[in-house]
Amino acid sequence: MLGRPDGARCSPYENEEDQGVGITGGPFLLVVLLILPFVGSLLSICLLNTTSRRLPAGLAGLTTLAALLLTASVYPAVSDGGVVRYSVAWLPQLGLDFSLRMDGFAWIFSMLVTAIGLLVVLYARYYMSEQDLVPRFFSFLLAFMGAMLGIVISGNVILLSVFWEMTSISSFLLISYWHNTAAARDGARMALTVTGIGGFCLLIGLLLLGKIVGSYDLDKILGSGDVIRSHALYVPALIFILLGALTKSAQFPFHFWLPNAMAAPTPVSAFLHSATMVKAGVFLLARFYPALSGTWEWFWILGAAGMITLLLGAYFAMFQQDMKGLLAYSTISHLGLITTLLSLGSPLATVAAIFHMLNHATFKASLFMAAGIIDHETGTRDMRRLSGLFRFMPFTATLAIVASAAMAGVPLLNGFLSKEMFFAEAVETHADSILDRILPYVATLASAFSVAYSIRFIHSVFFGPPAMDLPIEHPHEPPRWMRFPIELLVVLCLIVGIIPALSIGPFLKTAVIGVLGSDTPEYSLAIWHGVNLPLIMSLIALVAGTAIFLALKDYFARCEDGPPLLRRLRGQRIFERILVEVSWHWARIAEQRLGTRKLQPQLRWVVIMGFAAGLVPLYLRGFQSRPLEISGVDPVFAILWTIGICLAIGTAYLAKYHRLAALVMLGGVGLIVCTTFVWLSAPDLAITQLLVEIVTTVLILLGLRWLPKRTEGFGEAMTLRARFRRFRDLALAVVCGIAMSFMAYAVMTTPVPDAIATYFLENAYSEGGGRNVVNVILVDFRGFDTLGEIAVLGVVALTVYALLRRFRPAADSMDMPEQQQIQNRFDEERPERSAGDTVRDYLLIPSVIMQWMFPVIITLAVYIFMRGHDLPGGGFSAGLTLSIAFLLQYLAGGTRWAEDRIRILPLRWMGAGLLTAVLTGAGAWILGYPFLTSHSRYIELPLIGKMPAASALLFDLGVFSLVVGSTVLILVALAHQSIRINRLRAIDAAKSEER
């Protein structure tokens, strides 16, 4: 039966006593454990200039060893069902906390990740060549490890989803490490696409789970199994979560991406197949087993996918010619076995699934490393070219034979024990369905295939006559320490297979209790259970697998790479067809219908979508308004806005033909708005508006030169089509303007509780330590919004810079002004003059004034920044002010003159600003407060006196730095267009002279 006879499920998290205990003596170790691999990854990037393999490998090895020791030290706290927790409030109002959680199951997986990670690092030290960029490889590998640890120990499901996507990104970087090959690029793209889509589905499923339970906390979700299974959203949530797990673990029909990931370096393949990435899917299934299992939907979806994958993967593995391809399909098959066990809803099946996860990690990691050694020493992975390597590499061959026997389920090896447990569960009745009835036959047939491809791997590579056409003529044993990881793993296969209860028993029990809690069944790890049906099934599989190999041995040696009957059924081909259909046909149709290179139609769509986005909520939800009371109109204010309206109309009318005049009028509109803010007692907004107007006007002015000239003259008769287009745009502008007026009216007349404004006014000083309520809101009360806004600003600046780097000015763009051309011809007679002297002679008086203004504006920026918490100002305004100082230097002396005298590194400004803002928010965690909680006090400084010293000042410093960097980055991108166009013109002139 699925679950209890009465339909209820006993969750190990229902009662407080079953949840384990929060350990106070070491939860912070979880934070260190999580951060450690990422710190090592960043440090490894700093070693990019070295060509040595020892230093990056040593750094990665020490980092991984430290993570392994930290994980091992937590065992006493989780061995008896305990749970180590560490939680810091992040967005408590939304139920989002930075929560880490380690129970026995998370501990055993963390040990798996760190231990095999350490062996992979040691192996990669000898595998990677000095021609490879080794520091980058170890940086990606450590980031991959950190992302996997994040999945394992996340205590909040949204945090789990974040790390889930990080594994997809880091695996993409690792698979495409040798990006000069098409196979690596294609395999990485396929893996990222499939697992990325699955990750998006997983996020949807986790959000639905959070809605059902009312919390994103993992403990609460695991303890709410009955609530989840009885909810109407259970099936949608289950489907989305299973899509995430099945795509990550390469289960049918998403199995095709994993064999194509074999283009990665072999250390990556060993790590990915044994302890990370593909194991994340089955880890997730086991993790959510208490909350989601026990229903027909769980059984049918997982059971069908698992059985098909188990059989199909084993069948495909027999006919692969690439060693890593064979091992990849065998991984798919074994993951199908684990998925099938978890689908049964039986506690004993769950024990078998967890046990096989551990066993599979040991023999599969050793087999991939052995395959890498063979490839490293012979130059090929094609089993049709390999033969008789036992006489050249006896130690490596012996190790690979033992690991292959464990994969085949030979007695006295660890794979045999978990396979026996699988057979024992396969013959039990869990549900009265066709899947349950055919499971014993599917399990036996798949095991026979497993024996066949294991024997084929051993026979083809190590026995037979010596190979004569190897790329490397004299293969030999690898260095001692390159072989050591395989030796250790194979020894573990033997120890677990011979004395399982003493070796793995306590640790397996710890892991099982972490999943099943009080539902943990009695099970035996004895080698001999007598002659029973599972043993008979094992013997049948061994005999049948040997017979299959003997019958098809000759066919294996000459067949194409792929199984008969299903050779044409290739998931890669189907995937590529779908991509072509989507990216070429559908996207091309959408581009033809909606896309254009003209700016005006694109803006038209933006305006229409904005209009719909504002109108639809008002139409669906409605609004409550009250009459707008007009107390009187000041004639001066009315005249001011009349001028502003006229300027706006003039901007729209002249923009087509007189860009400079339109820009001047647009600046006038901005000044009218600025004056309005002053009139309405909003000095903060007025300062910001004024500074934004200055910066944007100058930047747009710099960009006007590179626009193509207008061929139509002002006042010419317009064609009928042009008239229609202009009237259409006019109608759209009028409609959207009226809509915006209506929305403004709705906002101003909708009753709003006075408590919102009153709260900020009353608590700005006491809670935020500042009298400037606007700035306190930005850097304290709504600091998270500000953090998101400056991040968007940085992304926009990087996008503009990237686009302008590829931009080539139009052939008919504006040339240098005539006066400046005359000055240049005059300067040709005086070659000792610099390029900046030309600009300063052309704009002599303004350039001198602008240069003198540089220190004055810097002082003003510091003043605006320091006063921002109590008076109008702040980081954003100060950043714009300092950006104006740099703008003036470019205008005064030109690009080359300014950059010869002022070293500006805008990317570092941006990075330092964002990092400062994030670290300021994270600093509150140390004291146990939510993210971005600020602290304020006043300090007494000599000569200056009492001065506010709120921690929000550091956050504001990050805003200041990022604004400066973003603005100057756009400035640099625009300014360098003049250098580029002069270089291109010089090249064209030289070519003309040669002709």
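The values are calculated or read from the model by the stated rules, or taken from the named source; none is laboratory data. No experiment lies behind these values; they were computed from the predicted model shown. Every residue, glycine among them, receives a Cβ derived from its backbone with ideal geometry; neighbour counts consider all protein chains shown.
Numbers for the structure displayed
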| read-out | value |
| --- | --- |
| Filter pass, LEU492 being in contact with a helix residue (DSSP H, G or I) (Cβ under 6 Å, 6 or more places away or on another chain), in a helix (DSSP H, G or I) and in contact (Cβ under 8 Å) with a residue 60 or more places away in the chain | yes |
| Checklist (1) surrounded by fewer than 24 Cβ atoms within 10 Å (Cβ to Cβ); (2) among the hydroxyl-bearing types (Ser, Thr, Tyr); (3) more than 36 Å from the chain's Cα centre (by Cα) applied to THR396, failing item | (1) |
| Close pairs from segment 714-738: first modelled with pLDDT under 80, partner exposed (fewer than 11 other Cβ atoms within 10 Å of the Cβ) and of a type outside the set (Lys, Arg), Cβ under 6 Å, at least 6 apart | none |
| Cross-chain or 6+ apart pairs with Cβ under 7 Å, segment 646-668 first and closer than 16 Å to ALA733 by Cβ, then at pLDDT below 80 and in a loop (DSSP other than H, G, I, E, B) | ALA662/ALA655 |
| Boolean, THR920 is of a type in the set (S, T, N, Q), over 23 Å from VAL800 (Cβ atoms) and part of a helix (DSSP H, G or I) | yes |
| Segment 62-75, residues that are surrounded by fewer than 20 Cβ atoms within 10 Å (Cβ to Cβ) and either aromatic (Phe, Trp, Tyr) or in contact (Cβ under 8 Å) with a residue 24 or more places away in the chain (or both) | LEU65, ALA66, LEU68, LEU70, ALA72, SER73, TYR75 |
| THR362 in a helix (DSSP H, G or I) and without any contact (Cβ under 8 Å) to a residue 12 or more places away in the chain | no |
| Exclusive hit being hydrophobic (A, V, I, L, M, F, W, C), at pLDDT below 80 and touching a strand residue (DSSP E or B) at 6+ places or on another chain (Cβ under 7 Å), set LEU941, LEU984 | LEU941 |
| Residue within segment 38-55 that is modelled with pLDDT of 90 or more and either assigned to a loop (DSSP other than H, G, I, E, B) or in contact with a Pro (Cβ under 7 Å, 6 or more places away or on another chain) (or both) present | no |
| Checklist (1) within 30 Å of the chain's Cα centre (by Cα); (2) crowded, with 24+ Cβ neighbours inside 10 Å applied to HIS356, failing item | (2) |
| Matching residues, segment 785-819, being part of a loop (DSSP other than H, G, I, E, B), loosely packed, with under 13 Cβ neighbours inside 10 Å and either of a type in the set (Ser, Thr, Tyr) or modelled with pLDDT under 65 (or both) | ALA810, ALA811, ASP812, ASP815, PRO817 |
| Pair list, Cβ under 7 Å, 6 or more apart: segment 261-280 residue farther than 15 Å from ALA191 by Cβ, other residue of a type in the set (Lys, Arg) and part of a helix (DSSP H, G or I) | SER274/LYS364 |
| Neighbours by Cβ (under 9 Å, 6+ apart or cross-chain): first from segment 756-778, in the same structural domain as PHE865 (by TED's automatic domain parsing) and loosely packed, with under 14 Cβ neighbours inside 10 Å; second aliphatic (A, V, I, L, M) and not in a helix (DSSP H, G or I) | ARG771/LEU871 |
| Selection count, segment 893-929, where residues are modelled with pLDDT under 85, in contact with a helix residue (DSSP H, G or I) (Cβ under 8 Å, 6 or more places away or on another chain) and closer than 18 Å to GLU789 by Cα | 1 |
| Residue identified as crowded, with 17+ Cβ neighbours inside 10 Å, closer than 16 Å to PHE784 by Cα and modelled with pLDDT of 85 or more among LEU962, LEU880, LEU932 | LEU962 |
| Scope segment 182-228; condition surrounded by 17 or more Cβ atoms within 10 Å (Cβ to Cβ), among the small types (Gly, Ala, Ser) and assigned to a helix (DSSP H, G or I); matching residues | ALA184, GLY187, ALA188, ALA191, GLY198, GLY199, GLY205, GLY210, GLY225 |
| Conditions (1) modelled with pLDDT of 80 or more; (2) of a type in the set (Ser, Thr, Tyr); (3) surrounded by 14 or more Cβ atoms within 10 Å (Cβ to Cβ); number of the one not met by THR859 | (3) |
| Qualifying residue in segment 195-217 (condition: of a type in the set (Asp, Glu) and touching a Phe, Trp or Tyr at 6+ places or on another chain (Cβ under 9 Å)) | no |
| All positions within segment 46-55 that are farther than 16 Å from TRP481 by Cβ and crowded, with 16+ Cβ neighbours inside 10 Å | LEU47 |
| When residues of segment 229-276 are limited to those that are of a type in the set (Val, Ile, Thr) and buried (at least 24 other Cβ atoms within 10 Å of the Cβ), the one farthest from ALA317 (Cα to Cα) | ILE241 |
| Residue within segment 155-163 that is part of a strand (DSSP E or B) and either crowded, with 24+ Cβ neighbours inside 10 Å or more than 19 Å from the chain's Cα centre (by Cα) (or both) present | yes |
| Filter result for PHE144 (touching a residue at least 12 places away in the same chain (Cβ under 8 Å) and either surrounded by 24 or more Cβ atoms within 10 Å (Cβ to Cβ) or assigned to a loop (DSSP other than H, G, I, E, B) (or both)) | yes |
| Single residue of segment 378-407 satisfying the filter (among the small types (Gly, Ala, Ser) and part of a loop (DSSP other than H, G, I, E, B)) that is nearest to PRO471 (Cα to Cα) | GLY379 |
